Every structure is written in C-alpha cells, then in structure tokens.
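Here the structure comes first, spelled out in structure tokens, and everything after it is commentary.
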Amino acid sequence: MTRPPSERPFPRGLLAADTLAAARAVLGALLVREPGRAGGERRVGRIVEVEAYLGPEDRASHARMGPTPRNRAMFGPPGTAYVYLVYGMHHCLNIVTDPDGRPAALLVRAAEPVEGLGAMLAARGRAGIADHRLAAGPGCLGAAFGVDRTLDGIDLCDPASPLHLAPPPDGEPARAVVAGPRVGIAHAGEPAISRPWRLAVAGSPSLSRRAP
C-alpha cells in the first residue's frame, strides 16, 4: 500500500549531503507530530525556514565545544533530532546533517501549519494567534509541535517516530529560496555573523521574521 505523503520517509541521503544542500532539500518538507497515547490531533507543518550550523569550526554552533551531554545528538547520524532548551523555556528542534560523526545541523525556525491547527493553538496556550503564525519562530514551532528533550536523539527519517519528516506531496511546485545571515549569533563574531546560512521560502507568511 502506498503511504500518504506525510507518512513516506524523508530520504536520509539528502541529509547526509552538504548541510547547505540539505537545507534546500528540507525547505518544503513536512514536519509531522503524531498524537500521543492519550490521543489528540495529528499536527503537520511545511518547513519554510532553517538555519545551518556547520561543524566544530563554526563559532556559532554548539559543536564548537566538542561533544557534551547537551549536544551529543548533534554528533549522531543524519536525520537525528537534536533538541535543546533556551532561556529555560523554549525547546528548539534541529535536524542533524552531514555524515555520521560530523556535528552539523539545521535549526528549524518556522513552518506553515497544514493540519492540526487546533492542537497547535492549544499547545501554544495563547488565544488569538493567526493560523499562519502558529509555528513562526523556533520557540513557537517547538511549542506548537510539542517538542521537548524527550525527543532528543529520535530518528526523524522514521515514520514510526512520534515526530518525523516527510517529503512534500507529489507534484507540489518548488518555491524560490532566499538566503541571508543567521539570527542572534553576535557572540560568534565574524565571519560567522555574516555567513548567509539562514535559508527561507520566499514570500511565506510564516517566517520567523522578515525574509533574509
């Protein structure tokens, strides 16, 4: 039986390639959050914005300090989820890229809601959020999709995982991609600050901020 589009596995080989190429492959892919044992709605969003972090030589990357209990998943095989907490309250989802053992990843900054909007709104815990802004920003996306540290290290290429990636539906046209500097990395200094490693779908209303 053919899997529905959101259940087909995302090709791991696309993530094992160069991280910037992986970023372009991920844009337009689906992020799927399956209901838990207690039930609830399935949540699906189309990824529209990512940031690339390329190995220990990238001064903006968590990998610059080598493996630690916090970042260990980042050193795993491509397709692994790397989840970390910022400001003690926001969980951020990263997709590990590059060959196994090289710590590179894509921070998922925004997604366009496709399915389960009611569940996303309830998870955000705030009334009055426009549908297209439910997962606009890495912390908002983490909340909307119920991301927390229990998902750290799961296989995002496995459709059986509670959170996973899926290719875009067949026949969906590719959209233009724009690139610019990453956000909130002033501590890293140059040349990290100016590298055009934030990639986004041009014209999406769900971007975390203005397009690069």
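Against the criterion of being of a type outside the set (Val, Ile, Thr), farther than 19 Å from residue 112 by Cβ and either buried (at least 20 other Cβ atoms within 10 Å of the Cβ) or touching a residue at least 60 places away in the same chain (Cβ under 8 Å) (or both), residue 168 does not qualify.
Screening residue 200 on (1) assigned to a loop (DSSP other than H, G, I, E, B); (2) of a type outside the set (S, T, N, Q); (3) at pLDDT 95 or above; (4) within 26 Å of residue 120 (Cα to Cα) shows it passes everything except condition (1). Within the range 165-187, can one find any residue that is in contact with a His (Cβ under 6 Å, 6 or more places away or on another chain), over 17 Å from residue 25 (Cβ atoms) and not acidic (Asp, Glu)? No - not one qualifying residue is present in the range 165-187.
Checked against (1) of a type outside the set (Ser, Thr, Tyr); (2) at pLDDT 95 or above; (3) touching a Lys or Arg at 6+ places or on another chain (Cβ under 7 Å); (4) assigned to a loop (DSSP other than H, G, I, E, B), residue 83 passes all but a single condition, namely (4). Does residue 196 satisfy the criteria of being over 17 Å from the mean Cα position of the chain (by Cα), surrounded by 13 or more Cβ atoms within 10 Å (Cβ to Cβ) and not small (Gly, Ala, Ser)? Against the criterion (over 17 Å from the mean Cα position of the chain (by Cα), surrounded by 13 or more Cβ atoms within 10 Å (Cβ to Cβ) and not small (Gly, Ala, Ser)), residue 196 qualifies.
The values are calculated or read from the model by the stated rules, or taken from the named source; none is laboratory data. No experiment lies behind these values; they were computed from the predicted model shown. Backbone-built Cβ (ideal geometry, glycine too); neighbour counts: all protein chains shown.
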